[in-house]
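Here is the structure we will look at.
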Amino acid sequence: MNSPEKQICGRILDHDCAVQQDRSVSPDRSVYALPKIMNRTTLFTVAILPAEQTDMDALAALMHASIHDLGPRAYTQEQLDAWSPRPRKGDEARQRFAGQTVFLASDDEGYAAFMTLKPIGYLDFAYAHPRAAGKGAAAMVHEALISHARTEGLTRLTSDISMVARPFFEKRDWRVIREQQPVLRDVALTNFHMHKDLTP
């Protein structure tokens with residue numbers, strides 16, 4: 001059973017966009033570059049890499065900004081403060097992201113959206129920076145994650161998805177298993193345990 005903190009996932013609302021992909025692989029196969037991923041107005045570079053090769057402080061800062069800028073449409077300020085009272089930094093950030101594969105979209109301003117996947121097929125984090133919400137970054141990250149999961153032989157993904165992110169994931173064939181009320185810092189938040197079938 002995940003801790004309440006791990007059960008609160010995702011703050012992304014995004015629209016589909018046109019895609020031009022160049023799927024090149026580095027010699028050590030640790031970084032997959034998808035450099036020509038475009039929507040109508042924005043160019044994103046998408047990479048797949050171990051969390052340890054990212055700026056984990058920047059991931060944590062993006063997460064915090066996403067929660068507090070996009071979250072008010074579904075959660076109270078008390079709930080948002082319980083979810084993310086401050087951005088994680090240093091060892092705290094490294095411990096939280098360690099051992100996961102990161103699917104990361106960047107633009108000219110830095111990190112735009114990311115998702116993380118554990119080896120067991122659990123999607124742990126899914127966030128878009130407020131400036132990138134609705135511009136296709138999260139959609140491209142999700143596509144890269146699904147492709148990677150299938151390549152790794154995974155047949156089913158699970159996650160715990162926020163009320164804000166639920167429509168994004170349902171649009172991409174994730175299904176709700178149950179509604180949940182995890183308690184974080186003595187505050188209850190609603191989310192949804194969801195899964196996606198990857199079998200042919």
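All of the numbers you see were taken from the coordinates with simple rules; none came from a lab. The structure presented is a predicted model; accordingly, all values stated were derived computationally and were not measured. Backbone-built Cβ (ideal geometry, glycine too); neighbour counts: all protein chains shown.
Would you order Thr76, Thr54 from fewest to most other beta-carbon atoms within 10 Å of each residue's own beta-carbon?
On the way: Thr76 12, Thr54 19.
By the 10 Å Cβ count, ascending, the order reads Thr76, Thr54.
Going by amide H atoms built from the backbone, whose H comes under 5 Å of the H on Ala165, apart from near neighbours?
Ile12
If you build the Cα gyration tensor of segment 24-197 and take the root of 5 times each eigenvalue, what three semi-axes come out, in whole angstrom, biggest first? The partial results should precede the final answer.
Values: eigenvalues 117, 69, 56 Å².
For segment 24-197, the ellipsoid semi-axes come out as 24, 19, 17 Å.
Give me the one-decimal nm value for the distance between modelled label points at Thr155 and Glu109, 7 Å along each residue's Cα-to-Cβ direction.
Calculated label separation equals 4.3 nm.
Report the percentage of all Cα-Cα pairs in segment 100-196 whose separation exceeds 16 Å, rounded to a whole percent. Walk me through the intermediate numbers first.
Working: 2649 of 4656 pairs.
The calculated P(r) of segment 100-196 puts 57 percent of pairs beyond 16 Å.
Quote to one decimal, in nm, the extra length available between Arg175 and Ser147 on full extension: 0.36 nm per residue of separation minus the C-alpha distance between them. Intermediate values should be presented prior to the final figure.
Details: separation 28, 0.36 × 28 = 10.08 nm, distance 1.84 nm.
That works out to 8.2 nm of additional length.
For segment 24-197, what does the relative contact order come out to in percent, with C-alpha contacts under 8 Å and a separation of six or more? Write out the running numbers ahead of the final one.
Details: 302 pairs, mean separation 34.0, N = 174.
Once divided by the residue count of segment 24-197, the mean separation gives 20 percent.
Near the amide H of Lys135, under 5 Å away, which other amide H atoms are found, from residues 5 or more places off or on another chain, if H is placed in the peptide plane?
Under 5 Å from the amide H of Lys135: His15.
Based on alpha-carbon centroids, what's the gap between segment 49-95 and segment 135-200 in Å, whole number please?
Their Cα centres are 17 Å away from one another.
Could you tell me the relative contact order of segment 148-200? Use alpha-carbon pairs under 8 Å, at least six residues apart, and round to a whole percent.
On the way: 73 pairs, mean separation 24.8, N = 53.
For segment 148-200, the relative contact order is 47 percent.
Pop out the ³J(HN,Hα) list for segment 91-99 in order, Karplus 6.51 cos²θ - 1.76 cosθ + 1.60 with θ = phi - 60°, rounded to Hz; leave Gly and Pro as x.
Rounded to whole hertz, the list is 4, 4, 5, 4, 5, 6, 9, 4, x.
Could you derive backbone 3J(HN,Hα) for segment 124-139 from the dihedral phi with the Karplus parameters 6.51, -1.76 and 1.60 (θ = phi - 60°), listing whole Hz in sequence and x where the residue is Gly or Pro?
Going residue by residue, I get 8, 10, 8, 9, 10, 5, x, 5, 9, 4, x, 10, x, 5, 5, 4 Hz, with x marking Gly and Pro.
Which FRET efficiency value, to the nearest 0.05, is calculated for Thr190 and Arg94 with the Förster distance at 30 angstrom and r the Cβ-Cβ distance?
Details: r = 29 Å, r/R0 = 0.98.
It comes out at approximately 0.55.
For the residues Val164, Val141, what sequence is obtained by ranking on other C-beta atoms within 10 Å, fewest first?
Values: Val164 21, Val141 31.
Lowest count first: Val164, Val141.
Rank the residues Ile120, Ile177, Ile161, Ile67 as a footprinting-exposure proxy: fewest other Cβ atoms within 10 Å of their Cβ go first. Each step should come with its number before you reach the end.
Working: Ile120 8, Ile177 12, Ile161 27, Ile67 22.
So the ranking, lowest neighbour count to highest, is Ile120, Ile177, Ile67, Ile161.
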